[in-house]
Amino acid sequence: MTEAKAPGHGPLTGVRVLELAGIGPGPFAAMLLADLGADVVRVDRPGGPGLGIDPAHDVTHRNKRSVIVDLKAPGGAARVLDLAERADILIEGYRPGVAERLGVGPEDCHARNPRLVYGRMTGWGQDGPLADRAGHDIAYIALTGTLGMIGDPDRPPAVPANLLGDYAGGSLYLVVGVLAALHHARATGTGQVVDAAIVDGTAHLSAMIHGMLAAGAWQDRRGANLLDGGCPYYGTYETADGLHMAVGALEPRFYAEFLRLLGLEDLASAHADVAQWPELRERVAERFRTRTREAWTAVFDGSHACVAPVLSLREAPHHPHLAARATFTDHGGTTQPAPAPRFSATPTAVRTGPARPGADTDDVARDWDVPRLLSPPVNPQRKASS
């Protein structure tokens with residue numbers, strides 16, 4: 001473990017992370033480690049990938065530093081290996097075999113640093129029939145059965161942005177994996193490879209549902225279960241102004257309060273009677289359409305009916321509860337989620353804005369003692385074609 005440079009940067013202060021730049025779940029995982037205090041150095045390549053937005057707003061690169069290395073140029077791999085030798089964790093999101101061909105695969109890195117935790121982020125995993133196949137979040141979650149669970153029964157499955165696969169099934173599992181492997185490396189002196197596949201993580205997220213399915217408590221179809229919108233007191237309803245309220249009144253006492261505030265106490269027996277659910281859904285929907293979202297929010301304010309307004313991305317930071325907790329923060333003019341979770345002894349923060357490609361080369365070369373970074377190699381072919 002390297003020495004912490006400053007206190008108060010989170011529980012991972014002093015941990016060095018090397019991120020080989022990519023898009024999607026790899027950068028998000030590295031951002032989470034950076035938020036937790038790790039010194040994350042992103043290795044960008046000349047003209048590398050991005051989200052197609054102003055880099056100043058790409059918050060997945062906050063709290064990081066950046067250097068530029070052309071891995072296809074002579075000496076490029078050597079520079080990355082110099083960094084890997086001084087890192088605790090490396091994260092890459094290439095297709096299987098690419099890092100090896102570039103000379104920065106696990107074998108090359110472990111030859112220089114046996115304690116290194118080498119984290120690999122892919123959709124399909126490092127092996128299996130689809131390992132070399134191109135793909136994106138939606139295809140990964142489709143094969144796991146999770147996409148097929150989401151949405152109305154008479155419509156195609158609803159697309160949950162790329163939150164379920166890329167970030168929940170991918171990034172979060174990679175972070176859990178590399179931190180567990182780091183614990184092992186510090187106890188034994190031996191690093192290892194962490195194979196984080198979005199298909200594996202997303203399937204793992206459905207563990208409870210598979211248990212319910214085996215027990216006969218879950219039907220293998222959309223909109224027919226307690227937690228997938230099939231239950232009329234666990235779902236969303238449109239309000240008079242075309243907005244929506246979310247209802248999660250599962251337990252009997254919460255359900256009773258929900259009905260009381262709606263003025264539908266005569267439907268108390270529908271809680272446990274599936275045969276009454278169509279009527280319950282229709283009457284609840286009818287009631288919600290009589291008032292605006294703001295009006296219904298006021299009705300349920302302070303209650304235990306488990307009802308909340310469905311807010312947009314721009315509205316969410318202004319909700320009184322989220323504002324009181326500072327769940328969102330503003331840094332450099334960009335409103336963004338604050339680091340999570342929270343720590344009593346080692347608080348986290350958004351310390352710096354998104355790292356600009358190559359902007360930190362001098363500082364990283366000094367702090368990580370890698371002087372070769374200061375004279376980046378030039379690819380003769382690229383120079384000739386420029």
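Screening region 336-357 for residues that are surrounded by fewer than 15 Cβ atoms within 10 Å (Cβ to Cβ) and within 22 Å of Ile53 (Cα to Cα) and picking the one that is nearest to the chain's Cα centre (by Cα) gives Pro337.
Here is a yes/no grid of residues against (1) surrounded by 14 or more Cβ atoms within 10 Å (Cβ to Cβ); (2) under 27 Å from the mean Cα position of the chain (by Cα); (3) assigned by TED's automatic domain parsing to the domain that holds His304:
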{"residue": "Leu213", "(1), (2), (3)": "yes, yes, no"}
{"residue": "Ala217", "(1), (2), (3)": "no, no, no"}
{"residue": "Arg221", "(1), (2), (3)": "no, yes, no"}
{"residue": "Gly229", "(1), (2), (3)": "yes, yes, no"}
{"residue": "Thr239", "(1), (2), (3)": "yes, no, yes"}
{"residue": "His244", "(1), (2), (3)": "yes, yes, yes"}
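So for region 130-141 (the condition being out of contact with any Ser or Thr (no Cβ under 6 Å at 6 or more places or on another chain), β-branched (Val, Ile, Thr), outside any helix (DSSP H, G or I) and under 30 Å from His210 (Cβ atoms)), does at least one residue qualify? No; the residues of region 130-141 include none that is out of contact with any Ser or Thr (no Cβ under 6 Å at 6 or more places or on another chain), β-branched (Val, Ile, Thr), outside any helix (DSSP H, G or I) and under 30 Å from His210 (Cβ atoms).
In this structure, is Ala270 small (Gly, Ala, Ser), buried (at least 16 other Cβ atoms within 10 Å of the Cβ) and without any contact (Cβ under 8 Å) to a residue 40 or more places away in the chain? Yes. Here Leu213 does not fit the description of being assigned to a loop (DSSP other than H, G, I, E, B), under 30 Å from Ser171 (Cβ atoms) and of a type in the set (A, V, I, L, M). From the list Gly169, Gly201, the lone residue that is crowded, with 19+ Cβ neighbours inside 10 Å, in contact with a Ser or Thr (Cβ under 8 Å, 6 or more places away or on another chain), more than 18 Å from Glu19 (Cβ to Cβ) and at pLDDT 95 or above is Gly169.
Note on region 160-172: residues that are closer than 18 Å to Ala139 by Cβ, out of contact with any Asp or Glu (no Cβ under 7 Å at 6 or more places or on another chain) and in a helix (DSSP H, G or I) total 7.
Considering only residues of region 117-159 that are surrounded by 22 or more Cβ atoms within 10 Å (Cβ to Cβ) and of a type in the set (D, E, K, R), which is nearest to Leu33 (Cα to Cα)? By that ranking, first place goes to Arg120.
The values are calculated or read from the model by the stated rules, or taken from the named source; none is laboratory data. What you see is a predicted model; the values in this text were computed from it and never measured. Positions of Cβ are generated from backbone atoms using ideal geometry, with glycine treated the same way; all protein chains shown enter the neighbour counts.
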